[in-house]
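Reviewing the structure listed below.
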Amino acid sequence: MHNDIETVLYSEEHLRETVRSVAKQINEDYSGKQLVAICILKGSLMFFSDLIRNLDCDVELEFLSASSYGSSTVSSGTVKLGQPIRTDIKGKHVLVVEDILDTGRTLSYIKAHLESLSPLSVKICTLFDKPARRCCDIQADYKGETTEDLFIVGYGLDYNEKYRNLPYVGVLRQEIYSKK
Ligand code: PRP
């Protein structure tokens, strides 16, 4: 385990099972349908790549970069989007794939943006849901785990761009993020 991690919350094996279970629900709901899955970078990269390998419907892949935290542990409240997606989603089913739904600002902003492009549907899939910190009226259609209000990193989730590569999800030691 990395020295900066206090405790492992979700092991690699646990995450693998969680991803499989989320994919199973998506496969049931989109059976026989075409889907555009959108990875919200950077945090969702690992979840997305594992999830799509468990999908058996026709799926197109897209990537959208969004950030609101920078190097802070608190959302700035302003969501910045990167390059627009290149796939025309008009008339298509869209699944937004996120690592974590926290205050909900990022996904509210992204959902409204995608809905303005006239898709057939937009659903949200998040690996982690932290309902305690929600300040927008938004819910996930698919979720892996409901988590407490702990500062978690790994499996795509970062603090100041570190720890994304950890294959598990752990709680970051408080002294690491209170140094600043
Ligand atoms: C994180 C995470 C979600 C968002 C969730 O992204 O990946 O996109 O915050 O928080 P919210 O519900 O409070 O909006 P971040 O802005 O840190 O960018 P990153 O994905 O590149 O780490």
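The values are calculated or read from the model by the stated rules, or taken from the named source; none is laboratory data. None of the values given here were measured: they were computed from a predicted structure. Neighbour counts run over all protein chains shown; Cβ positions are idealised from the backbone, glycine included.
Could you please let me know if residue 142 is closer than 19 Å to residue 20 by Cβ, in contact with a Leu (Cβ under 7 Å, 6 or more places away or on another chain), at pLDDT 95 or above and among the hydroxyl-bearing types (Ser, Thr, Tyr)? Walk me through how you get there before you give the answer.
Working: closer than 19 Å to residue 20 by Cβ: yes; in contact with a Leu (Cβ under 7 Å, 6 or more places away or on another chain): no; at pLDDT 95 or above: yes; among the hydroxyl-bearing types (Ser, Thr, Tyr): yes.
It is false that residue 142 is closer than 19 Å to residue 20 by Cβ, in contact with a Leu (Cβ under 7 Å, 6 or more places away or on another chain), at pLDDT 95 or above and among the hydroxyl-bearing types (Ser, Thr, Tyr).
Going by the structure shown, is residue 145 acidic (Asp, Glu), at negative phi and in contact (Cβ under 8 Å) with a residue 60 or more places away in the chain? In short, yes. Using the structure shown, decide if residue 67 is within 15 Å of the ligand (Cβ to nearest atom), among the hydroxyl-bearing types (Ser, Thr, Tyr), modelled with pLDDT under 95 and over 17 Å from the mean Cα position of the chain (by Cα). The answer is no for residue 67.
Each row is one residue, and each column tells you yes or no for (1) touching a His at 6+ places or on another chain (Cβ under 7 Å); (2) more than 9 Å from the ligand (Cβ to nearest atom); (3) within 23 Å of residue 153 (Cα to Cα).
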position	(1), (2), (3)
27	no, yes, no
82	no, yes, yes
88	no, yes, no
101	no, no, yes
110	no, no, yes
135	no, no, yes
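Just checking, which of 129, 158, 99 is under 28 Å from residue 35 (Cβ atoms) and without any contact (Cβ under 8 Å) to a residue 40 or more places away in the chain? Explain how you work it out, then say what you get.
Numbers: 158 fails: without any contact (Cβ under 8 Å) to a residue 40 or more places away in the chain; 99 fails: without any contact (Cβ under 8 Å) to a residue 40 or more places away in the chain.
Of 129, 158, 99, the one residue that is under 28 Å from residue 35 (Cβ atoms) and without any contact (Cβ under 8 Å) to a residue 40 or more places away in the chain is 129.
Considering 153, 94, 169, the condition of being more than 14 Å from the ligand (Cβ to nearest atom) and closer than 29 Å to residue 17 by Cβ is satisfied by 94 alone. Within the range 15-45, the set of residues being free of Cβ contacts under 8 Å to residues at least 60 places away in the same chain and either closer than 18 Å to residue 168 by Cβ or of a type in the set (Phe, Trp, Tyr) (or both) comprises 16, 17, 20.
Scanning the range 124-146 for residues that are in contact with a Phe, Trp or Tyr (Cβ under 7 Å, 6 or more places away or on another chain) and under 20 Å from residue 66 (Cβ atoms) yields 125, 127, 144.
Residue check: is residue 120 away from the ligand (no atom under 13 Å from the Cβ) and either over 16 Å from residue 40 (Cα atoms) or modelled with pLDDT under 95 (or both)? Against the criterion (away from the ligand (no atom under 13 Å from the Cβ) and either over 16 Å from residue 40 (Cα atoms) or modelled with pLDDT under 95 (or both)), residue 120 qualifies.
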